[in-house]
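All of the numbers you see were taken from the coordinates with simple rules; none came from a lab. What you see is a predicted model; the values in this text were computed from it and never measured. Cβ: placed from backbone, ideal geometry, glycine included. Neighbour counts: every protein chain shown.
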Amino acid sequence: MRWWIILLAALPAAAQSVPCGCDHENPSTLESRDCSLCKEAHQQTSPPGDPLPVFFLKDNNPRKPNRTLALPVRHGKGQQDLRDLTPEERVRFWKAAMAKAEELWPGNWGLAVNSMTVRTQCHLHIHIGKLNEGVDEATARTVRGPEEFPVPEPGLGIWVHGAQGGYHVHVDREIAEPVLLR
């Protein structure tokens, strides 16, 4: 009887993982909700010579009116997770998101990437928002810059914010974005 408990406990995470059904050769596949960010990326143009152009969108979820998203223009299967980027591309992605965050929430911003197991959109994106007061700092690791940001293990998200002497990096939960003001 215990195997049922284990199976039921595993179902929510498996059910929430978003397999990307987007086919950029067939634009009708971009119409589903879980591909809406892929559709936005598909409509962007890449400046010549920019290895990882990034664009920003206001989060259209009415429950998150204070959020902005950073997204790489590049899209497609195999490009849905931070581990799909080269180390140089990850640094560029984080730096672009940090610059936008500082512009929107000077001195009090946070960035978050949810685990693939809980995301509702298949296109890679960073949530940008104001850091909630009193977030748990127990798991923070201080690093000097985005070159030192780790790539989370599968099943974990990451959240980052400015701190004295650098940045605090947290890789401690599946859903990282609740640390940001909705």
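The charge dipole of the stretch 2-179, taken about its Cα centre with unit charges on the Cβ of Lys, Arg, Asp and Glu (plus for the first two, minus for the last two), comes to roughly 240 debye. In this structure, the amide hydrogen of residue 174, modeled 1.01 Å from its nitrogen in the peptide plane, lies closer than 5 angstrom to those of 157, counting only residues at least 5 positions away or on a different chain.
Close amide H contacts of residue 132 (hydrogens built in the peptide plane, cut-off under 5 Å, sequence separation of 5 or more or a different chain): 180, 181. Dividing the helix sum by the residues of the chain, where each DSSP H run of 4 or more adds -39500 (n - 2.57), gives a mean residue ellipticity at 222 nm of -7000 deg cm²/dmol. Net length available on complete extension from residue 29 to residue 99 is 21.9 nm, with 0.36 nm assigned per residue and the Cα-Cα distance removed.
For the chain, what does the convex hull of the Cα positions come to per residue, in cubic angstrom? Present the calculation step by step, with values, prior to reporting the outcome.
Numbers: hull volume 25.6 nm³, N = 182.
Measuring per residue, one finds 141 Å³ for the Cα hull of the chain.
The number of Lys pairs in the chain with C-alpha atoms less than 24 Å apart, excluding pairs fewer than 8 positions apart on the same chain, is 15. Distance between the 7 Å Cα→Cβ label points at residue 144 and residue 60: 4.2 nm.
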